[in-house]
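What follows draws every value from the coordinates through simple rules; no lab data is involved. Since the model is a prediction, treat every value here as computed from it, not as a measurement. When we count neighbours, we look across all protein chains shown, and the Cβ atoms used for this are built from the backbone with ideal geometry, even at glycine.
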Amino acid sequence: MPKIIKNIEGKILNAASELFIEQGYEKTDIRQIASKAQIAVGTLYNYYKNKDVLFYAVFEHKLTTTVASIKKAIEKTDDPEQRVYNFLRLMQKELHGNSKQGWKHLYKVFSQKKELLVSHKDVNEEIKKLFKNIETMIQNIYDDYSIKLTGSKIPESISIRMKPTIMMMLFSLTNKLPNEPEENIKYLHNIITCMCRIGRDYE
C-alpha cells in the first residue's frame, strides 16, 4: 500500500522556497527539493513538471497567502484606523520577519529571476491579478480611513503616489530600525493620517 503523505504540495512549496533562498535558483535542483520535502522525486514531478513551474508556484503561493493575510487582518476589526495599524504590522512582519518564507528573503530570489515570471503568459497574468487584489485592498484600507477622518476618499492623484511611498518607507524603516517596530508603525500611521487630511484640500 503506498505511503500517504499529508499536504504534499505545501511540503514541496516550503522546501523549494527555503532552498531557493539558501542556495539560489540556479544551484537548487529537483532532487534536493524532493529530499528536503521528504518525498520521492517521482512524486514531486506528479505535481510540478520542472523547476521553472515550481518557481512560479512558490511565488504565486506567497502572493496568495499574503492576500489571505491582509483580508484576515482587515476582518479583525470594523474600525478603519485599527485596520491601518493591523495592515502596517502585517506588512512589517511580511517584509522583515525572521521566517525564511517571508518577503524579506524571497524578494531577493524573485528579483534576480523575474524574467522567468514574466516569460510565462498565463502565470504572469495570474500574478498580476494577485498584485491587483493586494493593491485594491490597500486602497480600500486608506480610503476607509480617509472617509473616517475627512468624510471623503483620497484623491487619485494622491493615492497613486501614496501607496508605493508608504511601502518604500515601511521597507526602509524596518530595515534601518528593526528593533523599533511599534515606533516605525506609529510614524507611518501619522504620515498616512497627514496624507488623508491633505487630500481633502488637494484638488
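Straight-line reach only, C-alpha to C-alpha below 15 angstrom: list the aspartates and glutamates that Lys49 could link to, leaving out same-chain residues fewer than 8 apart.
Leaving aside aspartates and glutamates fewer than 8 places away in the same chain, those within reach of Lys49 are Glu9, Asp29.
Could you give each residue of segment 149-156 its phi-based ³J(HN,Hα) in whole Hz, using Karplus coefficients 6.51, -1.76, 1.60 with θ = phi - 60°, and x for Gly or Pro?
Result, rounded to whole Hz: 7, 10, x, 8, 6, 6, x, 4.
Mind checking segment 14-64 for trypsin sites (Lys or Arg not before Pro) that DSSP puts in a loop (not H, G, I, E or B) and that have at most 14 other Cβ atoms within 10 Å?
Working: sites: Lys27, Arg31, Lys36, Lys49, Lys51, Lys62; in loops: Lys27, Lys49.
Answer in residue order: Lys27, Lys49.
Measure off 7 Å from each Cα along the Cα-to-Cβ vector at Glu126 and Lys163, then give the distance between these two points in nanometres to one decimal.
Placing both labels 7 Å beyond Cα along the Cβ direction yields 2.2 nm.
For segment 134-188, give the magnitude of the charge dipole about the Cα centre (Cβ charges: +1 Lys/Arg, -1 Asp/Glu; no others), in debye to the nearest 20.
120
How large is ³J(HN,Hα), in whole Hz, for each residue of segment 70-75 in order, when computed from phi with the Karplus curve 6.51 cos²θ - 1.76 cosθ + 1.60 and θ = phi - 60°, using x for Gly and Pro?
5, 4, 5, 5, 5, 6
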